[in-house]
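The values are calculated or read from the model by the stated rules, or taken from the named source; none is laboratory data. No experiment lies behind these values; they were computed from the predicted model shown. Virtual Cβ from ideal backbone geometry, glycine too; neighbours counted across all protein chains shown. Keep in mind that these areas ignore ligands, DNA and RNA; they rest on the heavy atoms of the full protein, side chains included. Shrake-Rupley method; radii C 1.70, N 1.55, O 1.52, S 1.80 Å.
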Amino acid sequence: MKYPSFSASRLFIYIFLSFFFTFGASAQYRIELKIKGLTSKDKCYLVHAFRDEKSYIFKDTTDVDANGNIVFEGKENLPQGLYSIAQGQSKLFDFVVADQKFTIETDTINLLGNMKITGSKEAADFAEFVKNRIEIVRNADKTSPQQQQAAYDKSDELTKNYIKNHPNTFSGNFLKATLSVDIPQLPANATRKDTIALTDYYYKHYFDNL
């Protein structure tokens, strides 16, 4: 069965390069959040996902006021990338930082489903993409193999359409970096020479999507 395309090592390379080329840029960032239903008992953290869910960098921390308002701000640009908002030990949601000043509004009933982002079209588009992709694959594992495959194919198509419609953006390039390299099929009676040629093709085209 073909699963949604993803390559962790390729993704790490792209995130590292994005971090390298944006680190140190002088500017200011300000991310305002209003999360209805959030209490002020814990601090909130702005977390930069650097490699995977176990490799991350805390970029900022702040208190939540009684109305669920949160403000992260600093005197330097945030590196473009995938970020998370966490409260205490719990991650609330992920989002993309492509712009330095924007606002996120949502509620604790449905953090992603009720999310509204203003001031950053790319962050808003990516949040909508994530919501749609989750809906596609949410119950795929409870269906027949044919239905699972159809869901995974639809998810891949959604990803490729997003990439096509968001050229030269962080989120488009980020998703493109997760795609596996398309390689030719081995012939039915493949020889050792065919296998070596296919392996050589893969390594020659490894960086095609970066």
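Quick notes on this one:
- Strands (runs of 3 or more DSSP E) wholly inside the range 54-150 containing at least 2 residues that are out of contact with any strand residue (DSSP E or B) (no Cβ under 7 Å at 6 or more places or on another chain), of a type in the set (A, V, I, L, M) and at pLDDT below 95: none
- Subset tally (residues that are open to solvent by less than 10 Å² (accessible area, probe 1.4 Å), free of Cβ contacts under 8 Å to residues at least 60 places away in the same chain and in contact with a helix residue (DSSP H, G or I) (Cβ under 8 Å, 6 or more places away or on another chain)) for the range 79-108: 1
- Filter result for ILE117 (of a type in the set (A, V, I, L, M, F, W, C) and in contact with a helix residue (DSSP H, G or I) (Cβ under 8 Å, 6 or more places away or on another chain)): yes
- Filter result (within 15 Å of THR108 (Cα to Cα) and open to solvent by 60 Å² or more (accessible area, probe 1.4 Å)) within the range 66-78: ALA66, ASN67
- The set of residues in the range 41-53 being in contact with a Lys or Arg (Cβ under 8 Å, 6 or more places away or on another chain) and at pLDDT below 90 consists of HIS48 alone.
- Criterion applied to THR61, THR118, THR108 was being more than 22 Å from ASN173 (Cβ to Cβ) and touching a Gly at 6+ places or on another chain (Cβ under 7 Å), and the one residue passing it is THR108.
- Residue within the range 155-176 that is more than 19 Å from LYS121 (Cα to Cα), open to solvent by less than 70 Å² (accessible area, probe 1.4 Å) and modelled with pLDDT of 85 or more present: yes
- Residues that are hydroxyl-bearing (Ser, Thr, Tyr) and closer than 21 Å to LYS59 by Cα, drawn from the range 77-124: TYR83, SER84, SER90, THR103, SER120
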